Every structure is written in C-alpha cells, then in structure tokens.
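Below is one structure, written out as structure tokens; comments come after it.
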Amino acid sequence: MSERTSIEDDAPLLDRIRNNPEPALRWLAVLGVLVALQVGALFGAMMELPPWQTIADRLFGLPLLALFEPVGSVLASVGDRLAEIPTLLSRDVIPNRGHRVPGGQQFAADIAGFTVEFWRWEGTFLGLPAAIAWAIRVTLIYLYAFACLAWFWKGYLVFRNHYRYADWTPADDMIDRMRTHRWGQFGFVVIAMFFMMAMFAPALGPTVVEENIQEPYSYETKYLDQESGEVRSTLVGNANLGSRSRGGGSNGNHGIGTYDDYDRFHPFGTLPNGKDLFTFLAAGSRVSLFIGLLALGISSVIAFSLAMVSAYYKGAVDLGAVILSDSIQAMPRLLVLIGAVVILRGTWIADIYNGGLLLALLLGSWGWPAMWRAIRGPSLQVVQEEWVDAAKSYGQTPRRIMRKHMAPYVVGYMLIYGSMTLGGIIISVSGLSFLGLGITPPTPEWGRAIDLGQSYIATDSWHISIVPGLLIVIVVTAFNALGDGIRDAIDPQSDTGSGGEAAAAGGGA
Amino acid sequence: MSKQAYGDQETTVQDSKQDTLVDVNGLKTYYGKEGGLLGGNPVKAVDDVSFTIERGETLGLVGESGCGKTTLGRTLVQLESATAGEVAYAGTDITTLDGKELKQWRRNVQMVFQDPDSSLNNRMTVGEIVREPLEVHNWPTFEVGVQNADASEVTVNGEMARHVAEAKYEDSDIVVTPEAELVHLRESAPIDSSELTINVTESGGGVTVDVTVHKSRNQIRRRRVRELLETVGLQEEHYYRYPHQFSGGQKQRVGIARALSLEPDFVVLDEPVSALDASVQAKILNLLEDLQDKFGLTYLFIAHDLSVVRHICDRVAVMYLGNIMELGETEEMFESPGNPYTHSLLSAIPEPDPTLEKDRITLRGTPPSPRDPPSGCPFSTRCPMKIRPEEFRDIDMEVWTAIEVFREVLRERSRAERTTVERVKEFLAFDTRFASIDEIVEELFGDLDVPPEVQTHVSEAASMVADGDEEAAGEYLNEQFGSECDAEYPEAHEVSESGRESRCHRHKNEYVSPGEYRTEMQQ
C-alpha cells in the first residue's frame, strides 16, 4: 500500500510535483475552467469590494504616497476594463427580468385548487417565466460555488495522496474526524451557503439593489397591463407602491414566492414599502457577515490573547485584566455604543460600508470582556498542567508555550462561545439600525428588515420579519454546529464514532 | 598528520569520577513573602540545604509528602527561583542566570516528571513532543573547533555550524585542522561524515572553514527523534501516535526520550515511577540505569519508595520539612541508619516475610507546618528519640509521650487563628474550642501514673492556659521539659567512615546515639 516514509524521500514539494505532474495538472485544469467562467466577476469583485476610493483618498493624501497616485489610477482602469468581461453567472447571461407577452398565455389549468398559468415571456432567459429563470440562475450559482469548494477539497486530497512526504500527519486525523461529524458538516454547508450568498449577492437577487432599493425613481420597468392587454412602462418606484406588503387586505400583501402586478417575481415576498425582500436580504448578508465576523474577530483576538497572557503570568497581569474588563463591563454597552456612533457620525470612518466598519469596530472592542471571562477559567486550568512546566524546563518561549501548549485546549471553548456571540452581534446591529444609528437606510441589512416588519408579524405580511429572523437563527446554529465540529476535530481524544457526545454538546449549548 | 592531531587528546580528557557537577550551598526556596499582603510567614519549602552531586552518580532524595523534595528538584532545574543560596552547576551559579544564558544552560539539565499523563501534551504527537526541545534550541548546531590555529583568526561558515574557541574532542562535534581537514567527528554527533562537506581554506593568516550539511535541520531532527524513540524502547512508528494511545510505562518512556533529546548531563527524575504499576516500574528503572551507563548521565532521583531508591541510587539524602537530615552511601544507610528520622522511615518499609518480627517506629501526628517550623531541630516535635532533661530521663515512656503531645497541642493552639465569633464567645465566657484545656489534660494524663514533679508542671501550665495565656504556658513547659533538641538546630555530624552525615544532637559524645538508643528501647 503506502510506502513507509523515510528521510530520503522528503525532497522539496516542487521536485515531488515535477516527478509526477499529472494529478497536479489535472487539478489545475479544473481551476482554469472555473476561473474562465467567472473571470469578469473576479475582477469586478476586486474593484468593488474594498472601498478603494476612501482608501485612495486617505493614502494619497500622505505626502510621499501621493507620488504613486498615477500608478493607482492605471491599476484602477485596468481593473475596471477586466471587470467588464462577461461571466457565466451574471444577470445578463441568465436574465430574469422581463414581462409577459400579450396573448402569450400557453397553458392554464386548475390543479388541486391552484390556478397554474404558463405565459410566454419577453426579456427573460429563453422566454421562461421570471421565477423559473431566477431559479435557474440561483441553482447555477450555488452549483458553481460548491464546485469551487469541491476543487479545493480535491486539491488537498491530491496533495495528500501524491505529493506529501508523510503518508500521515495529525491534520489528517482532524479532517477525518470532521468527515464523520455530521452535525459539524451541517454547519459547514449552511455557512458555506451563507458565504456564497454574500459573495454572489448582486447576481442572486431577482432584481438589483440600486434599481429596486436605492434609486427606484431613476429606473423603469416594463409589465403587461392586464386591463388594456398592452405592455406598459412605469417607474420602479411606482411599481413598488403597488407591490407593498402591509398586512394584507386593501393594504396589500405580497408573500413568499409571488408575482406582483408588474410582472416581478418576489421569492421571499416584499417589504412594507414594496421593495424586494430577497434582494434586500442577499445584499444585507454582506453587511451582516462583514460586521458580525469583523466584530467577532476583534473581540476574539483580544479575549484570546489576553486570556493566554493573564493565565500564563497570573498575578498583577491577571488582576489588571480583571479590573480593565470589569470597568468596561460596568459601562452600559448600548449607551456607550449610541454615544460613540453619534460622536463619530460625521467622520470618514463612519462612511465605510455605510457605517458597518464603525459598528464592527465598536462591537468588537466592547465584546471582548464577556468572552475573556468565559475562557479565563479554562486558561488558568491548562497552565497548571505539567506539560507547561516541562516546556519551561527546556526553555520554550512564553509565546510558544501559549500557542502550542495552552491555546489548543482553550480554542474549543472559544469556538462555541464565539458562535453564540455572533447572533447577538447581528441583533445589536439591527437594534442600532432601528434607532437610526446603525446602518444608514436604505442600505440593506438583516436587522433592518426585521425592524421594518415588526408591526406586521401578526398579519399576512409575517414574512418580512420571520424570514430574516429564521435566517439569523439558522446561520447562528450553523456557526455553533461548525464550532462544535471543529472542537471535536482538533481533540484527538474525542470519540466521534458515538454520537452521544456531540448530541450532549449540541443539547447543552 | 591525524596522529599528531590525536596526540593532545589525552591532555583534554578529564577524570570523570570524583568530579562535582552540582554543588548546592545554603539553598532556600520560600513561597510567598515575609509580611506579604496576607501577612504571616512564607512557606519554607526548602530551608537551607547544602549538598553536592558528583558527575555520573545517582543521588536519591527521599522523604514524606510535602517535605520539599519536589521543590528542591524544581529549583535545581530553575522551574522555581531560589530565595537564597546558590546552585553551582559545573562551577557556574545558575540561580543568577537569566535570558540567553539561562536558555543555553537549560540544555544541560532536564527533568522527567512524575505523572506521564499530565507531562505530555495530549494534542501533540509523540514525535512532536520529543522534537520540541530540539526546535527550541535550534538543534542541531555543530560546534566546530580548529586545531593548530589561532582562535581569533578562524571563521566558520555554514548554516548549522558554530565556532568554538577550544578544539576539544569530547566537546566539539567537528574538529578540523588547516591541513588534515576533518580529523574528528564526535561519535554521538547526529550526522554521518558522508553527509558533510568541509572546506578549509587558509588565506592571509586566517583560516576559513565552510561546513555544508547535506540534510535539512528537519531531516536531522526527525532522524534524531526516531533514534531516541528506539533508545528508550519504543518503535519508530510511534512517531505519529498520540500520548493517550499509550500505556503509562510507554508514556514515561516518551517523557524520558524528550528529556534526553538535547543530550543533557544532569537529569532530575521527579518520582518517575511512582505513577506506574510495579511490573512496569522495574522496566523503567532498568531503562534509566542503562541510559545512565550509555550517556554518562547524572541523576537526582526523587522518590518516596525506599526500595526503589535502594535499587538505583549511589547515595541518598533524607529530607524532612525542607531540611536534609541525613546524607550518605545508600547501602550503608539502609544497613545502619544514623538519624532518628531515617530510622523511622526505614522501619516503615514493608517486609515481605510475615513471620519476621519487626519493630516499626510509628511517628505520632503530622509534620509541622513549613510556614512555622519548630525552633531547634525540625524533627523535635515528633522525634521518638528526643533528648530529655536529666531529671526526667527515667520517667515512663507513656508519660513522656503524653507530655510531648500536650506541648504539641499548646503549640498548635497558640498558632491557630481565632475567628471573630470565637473571640466574642470567649469574651462572653462561653465555651470555645480553646477553653477545654481540662478535658485535654484529663484525656492525656488521666489513665497514667504521673510522677508528682511532672504533675505540678502540667497543672501549672493548664492553669495558665485557662487564664488564656497559651504562649506563656508553652514557654513554661519548654523551660521544664525542653532540651537541646528544642533550642538548637543540630549540626551535621559525620557518622561513618565514608563521610555520611546526619543532623541529630544525639550524635554528640555526651548522649546515647540514635542506633544504640533504639536497641535500648527494644529491650
């Protein structure tokens, strides 16, 4: 089977690939196909995602760096040019916005009490109905994204089977434990889908944020007027007024998976102001993900490093950390947040991501004390272990002791705690948005959608709050599940064969 | 030419016997500070200890739990910092080292811990565990010595090479001469001469040595770890296993392999076999002995199992309450112990023969608190052979014991903190646990035939306690019944021709020595 590794066969990686290039080349060929399909979007994302303009303004404002401004603008124009290359998954290749053709009804029947109609459409992909065209695009996007994931996984397997010097490393065990951890895998898949939603948000929505949400009165939409039987054109803003969800009855309601009178399909229904909820949520996932992960990242890094340092050095360092975290926790968090947001509102930092960066920084720097408290105990416990003494006795540096001998035992608590905090951050942002202090309207954000639908929960328009609420629940659960899976995977003593432990951990959390 | 190079080898070889490696002088390790935040005395875990360890020997360190033997071991490897005194390792006082020097020194001294379950990180593979010390010290770095050249004019190039000023055969990994190039490769160096290319060039009065190693550091380390695993009786394949997949004995072998990875000279073995079951203990002990022979190691063997100590140690130090009570050749000490504490320790060794009549010395009570050790001899509060004042030498043993217990009780009581509630109760003349002195006296002396002169002193002391002055009562009893043992810290007396030393006042000429006293008691 696999030959024993010996010192002789550990040549550098490049040599190993040169000796047996076939699997690597095949793997790279797949990468070529995947990139070719999306090359325009890749550059587009590069040009759009970071706030280049703000960065450039600040960067080139500095005396020395101003010299590089021409270089920057050349790069920017090249990037923009490349971003215009058509891509498979763009809205233009599989359009879903169009209108029904007058007299184009091809099929209508009553099946089990539902009226099923099939019209010929114009402007949509292959003349299919808007809903089907949209569904095809969404499916293709997710297939593509999962194909990319599969490519990464395949890459790891190719490396492991063909090019790695050792036929076994500890990481293999971790991955193999993860492969049998169904709960963790569930979390992984859901989070992957959430990330994909954020990445492909502009292509996923049935309509575009700018046209439908931000400047509805600058764009027109065509539709088939039922009364006159003619195709007419109207401003999107006007169409939105006719597709509002305000509790049903005469106030109107457009629920999950319905068309409105303007030949527009709403997979998740509409908001009270008639804007498309799915488009809103898809775009909002970017903001929520950005704020959530950045805030979590900031507080985790602070909490974790502080826990390591205070547990290792104890004494005055620990006492200082206790006092610092107590003082921070003693301040009412919401009031401090509101105050800070108000003070910083006019500054440049509040413009980035419509206030998202500011919120992430504030929530992150205010979230660590609770997290640090939660992992302080386990850190103090692990530093008592004799292997820490052993490491000291042969002169290991404190930093390495913390990383190799303490951190692996605390990171499990961190994952679970962090995944539970994420939901809280999303809710905090929505609360602030509700007060007009968070994300500035009309920028989409999940919390804002919940707030917008609050008063309609008991009516036919329940979808406005319930759908984003459920999404938050699912995402938070998934992060929790993934955290659980990773914790079990990095612990060589965990027995993933029996589901008992995972179930207990899941139930306990 | 190479013969000439080997010619001076003899001069550099030293006599490995009778060469002091570790010289401990007046070492104190206290926990907590005097008059610190919580007041009170520091815990005197190691209190003024002096001894030496010769190169290549095994020194045993025995004593009951909490006597400070582990703290002493940890101080020797600088896991604890000494409060006072010095530890000279090969002539350098290591208690003053810090930073780079300390890290460099740590290569020489390693520790094997008591519990292999907790001394090995469960999240690391055995290979990573044994490899870690190598990575910490950026091992290997070959020490290159150049003979027949002025050290200041020598340049050594090479990623893994370092120049040493003196080209000694036993210390340097590689010794070269400007003419003969490689003349010596240390036998246990982790490299084969075929894996080395050495170029020596002489130019303008300087000598440049280029050392190229045809292996990466990682390759040499992996090979080293595999060798070490085999050395301690494990298999190469265990490299990728986790500690929890091993038995206790195997885990301890991993711990030993880790301790040996940097080729130390001195290893502190902190009860290395006491967490293992008996059949495995013997194997690990034999392994330790084999390794000592193979690598010329010096051991400090901390244990509380005396039969293990007898098996492995050349010399033994007996520790009690942070002090070394007796120190000397193992076999001799087991045959004829000097100190009363050694007598009682040895009498506690279980005898496999049930028919054998044995007089066990059972010590009463527990050791005193190391926060507040007795003045005088540390063992005086429990010593069965304590020197009595002249006038009480003939009173009954039981009466004497009762007096000693009575004094101990008073000592404990005057030291115990009174809670606020107890103070209030006392003030209101309620019964507290401090008030029942009559009951104690009754219990201790009630059944005994107490001589009148003893009785008066006891009653006097009891009345003082009843008045609430326990300290005065203690002092009074000390005046009446106290002896040299209570007053003076015993000197170390040489008790055998081999230079065994014991701290006991009974070794003085005017008293009956502990051995003789014991025989007298048995009759």
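The values are calculated or read from the model by the stated rules, or taken from the named source; none is laboratory data. Source: prediction; values computed, not measured. Cβ placement follows ideal geometry from the backbone for every residue including glycine, while neighbour counts extend to all protein chains displayed.
Points worth noting:
- Note on segment B:185-220: residues that are within 31 Å of the chain's Cα centre (by Cα) and not aliphatic (A, V, I, L, M) total 1.
- From A:Glu69, A:Glu8, residue being within 14 Å of chain B (Cβ to nearest Cβ), at pLDDT below 80, part of a helix (DSSP H, G or I) and farther than 30 Å from A:Arg232 by Cβ: A:Glu8
- Selection from segment B:234-266 of residues that are away from chain A (no Cβ under 12 Å), touching a helix residue (DSSP H, G or I) at 6+ places or on another chain (Cβ under 6 Å) and in a loop (DSSP other than H, G, I, E, B): B:Leu234
- Only listed residue being within 27 Å of A:Leu471 (Cβ to Cβ), buried (at least 22 other Cβ atoms within 10 Å of the Cβ) and outside the structural domain of A:Ile486 (by TED's automatic domain parsing), chosen from A:Thr270, A:Thr258: A:Thr270
- So A:Thr169, is it hydroxyl-bearing (Ser, Thr, Tyr) and at pLDDT 85 or above: no
- Selection within segment B:294-313 - in contact (Cβ under 8 Å) with a residue 40 or more places away in the chain and either touching a Phe, Trp or Tyr at 6+ places or on another chain (Cβ under 9 Å) or crowded, with 17+ Cβ neighbours inside 10 Å (or both): B:Leu297, B:Thr298, B:Tyr299, B:Leu300, B:Phe301, B:Ile302, B:Ala303, B:Leu306, B:Val309, B:Ile312, B:Cys313
- Annotation note: of B:Leu321, B:Leu345, the sole residue that is crowded, with 18+ Cβ neighbours inside 10 Å and in contact with a helix residue (DSSP H, G or I) (Cβ under 8 Å, 6 or more places away or on another chain) is B:Leu345.
- Residue in segment B:514-521 that is over 20 Å from B:Ile403 (Cβ atoms), exposed (fewer than 14 other Cβ atoms within 10 Å of the Cβ) and hydroxyl-bearing (Ser, Thr, Tyr) present: yes
- Subset of segment A:226-257 [in a loop (DSSP other than H, G, I, E, B), closer than 19 Å to A:Gly123 by Cβ and touching a residue at least 60 places away in the same chain (Cβ under 8 Å)]: A:Gly229
Matching residues to (1) in a loop (DSSP other than H, G, I, E, B); (2) within 38 Å of the chain's Cα centre (by Cα):
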site	(1), (2)
B:Val441	no, no
B:Val450	yes, no
B:Val454	no, no
B:Ser463	no, no
B:Glu475	no, yes
B:Ser496	yes, yes
B:Ser502	no, yes
B:Glu520	no, yes
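- In segment A:393-407, the residues that are at the interface with chain B (Cβ under 8 Å from one of its Cβ atoms) and surrounded by fewer than 20 Cβ atoms within 10 Å (Cβ to Cβ): A:Gly395, A:Thr397, A:Arg400, A:Lys404
- Some residue of segment A:187-194 being over 27 Å from A:Ala458 (Cα atoms) and either at pLDDT below 85 or of a type in the set (Asp, Glu) (or both): no
- Of all residues in segment B:144-166, those that are over 35 Å from the mean Cα position of the chain (by Cα) and either in a loop (DSSP other than H, G, I, E, B) or free of Cβ contacts under 8 Å to residues at least 12 places away in the same chain (or both) total 8.
- Of residues in segment B:50-69 being closer than 16 Å to B:Tyr31 by Cβ and buried (at least 22 other Cβ atoms within 10 Å of the Cβ), the one farthest from the other protein chains (Cβ to nearest Cβ): B:Cys67
- Top-ranked residue of segment B:183-197 - restricted to ones that are farther than 15 Å from B:Thr141 by Cα and surrounded by 17 or more Cβ atoms within 10 Å (Cβ to Cβ), ranked as modelled with the highest pLDDT: B:His184
- A single member of A:Leu319, A:Leu293 is part of a helix (DSSP H, G or I) and under 28 Å from A:Val475 (Cβ atoms), and it is A:Leu293.
- Test: residue in segment A:469-491 that is more than 14 Å from chain B (Cβ to nearest Cβ), within 23 Å of A:Gly249 (Cβ to Cβ), crowded, with 16+ Cβ neighbours inside 10 Å and modelled with pLDDT of 75 or more: no
- Among the conditions (1) in a helix (DSSP H, G or I); (2) of a type outside the set (D, E, K, R); (3) assigned by TED's automatic domain parsing to the domain that holds B:Leu76, the only one that B:Ile302 does not satisfy is (1).
- Condition met for A:Thr459 (polar (S, T, N, Q) and within 22 Å of the chain's Cα centre (by Cα)): no
- Only one of the numbered conditions (1) surrounded by 12 or more Cβ atoms within 10 Å (Cβ to Cβ); (2) at pLDDT below 85; (3) in a helix (DSSP H, G or I) is not met by B:Asp372, and that is (3).
- Screening B:Phe427 on (1) at pLDDT 80 or above; (2) farther than 30 Å from B:Pro370 by Cα shows it passes everything except condition (1).
- Selected residue (criterion: farthest from B:Thr298 (Cα to Cα)) from residues of segment B:112-126 that are within 27 Å of the chain's Cα centre (by Cα) and at the interface with another protein chain (Cβ under 7 Å from one of its Cβ atoms): B:Asn121
- All positions within segment A:365-392 that are at pLDDT below 90 and crowded, with 22+ Cβ neighbours inside 10 Å: A:Gly367
- Which listed residue is buried (at least 19 other Cβ atoms within 10 Å of the Cβ), out of contact with any Cys (no Cβ under 8 Å at 6 or more places or on another chain) and of a type outside the set (Asp, Glu), from B:Leu291, B:Leu285: B:Leu291
- Condition check for A:Tyr217: in a helix (DSSP H, G or I) and aromatic (Phe, Trp, Tyr): yes
- Condition broken by B:Leu102, with the remaining ones in (1) within 8 Å of chain A (Cβ to nearest Cβ); (2) surrounded by 18 or more Cβ atoms within 10 Å (Cβ to Cβ) satisfied: (2)
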